[in-house]
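Here's the structure we're looking at; comments come further down.
The values are calculated or read from the model by the stated rules, or taken from the named source; none is laboratory data. This is a predicted model, so every value here is computed, not measured. Cβ: placed from backbone, ideal geometry, glycine included. Neighbour counts: every protein chain shown.
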Amino acid sequence: MEMLSATTTYDLLIQTPHSPVITLAGAHQAAATTTIHEVIRASGSELNLEQYGIYFDDLARIDGGWKFTHRLFVPFYVSSGCVTGDVLTRRSALLRGLPL
């Protein structure tokens, strides 16, 4: 969670997962593989990149819900300095509040 909270200050963070493949290994265990495309830019930082990678996840059914028990991200394509467009709306302005 600490790593993810740092992303809230990024100018731009777009993460697009593509068709996860989930394999059930039993009534309470599964594995998932997901390709992801990310575009990231942070102001005042060298962080400016586009990348593709694969998440290899292990999951378990715990207390009636599915939870990650292990997650591995393997990047396979990175392009630096390529996010050059204009940000029309800051990410913080796009947050949806919780329903009442």
Only one of (1) within 13 Å of the chain's Cα centre (by Cα); (2) crowded, with 16+ Cβ neighbours inside 10 Å; (3) among the hydroxyl-bearing types (Ser, Thr, Tyr) fails for TYR10. Which number is that?
(1)
LEU88 being without any contact (Cβ under 8 Å) to a residue 40 or more places away in the chain, at negative phi and either outside any loop (DSSP other than H, G, I, E, B) or acidic (Asp, Glu) (or both)
no
For segment 38-84, how many residues are among the acidic types (Asp, Glu), more than 14 Å from HIS28 (Cβ to Cβ) and without any contact (Cβ under 8 Å) to a residue 12 or more places away in the chain?
1
Considering each residue of segment 75-86, count those that are surrounded by 10 or more Cβ atoms within 10 Å (Cβ to Cβ) and at pLDDT 95 or above, and give that number.
3
Subset tally (residues that are in contact with a Gly (Cβ under 8 Å, 6 or more places away or on another chain) and over 27 Å from SER19 (Cβ atoms)) for segment 43-91
1
Which listed residue, of LEU72, LEU47, is surrounded by 11 or more Cβ atoms within 10 Å (Cβ to Cβ) and either at pLDDT 95 or above or aliphatic (A, V, I, L, M) (or both)
LEU47
Residues located in segment 3-61, provided they are of a type in the set (Ser, Thr, Tyr) and in a strand (DSSP E or B):
THR16, SER19, THR23, THR33, THR34, THR35, TYR52, TYR55
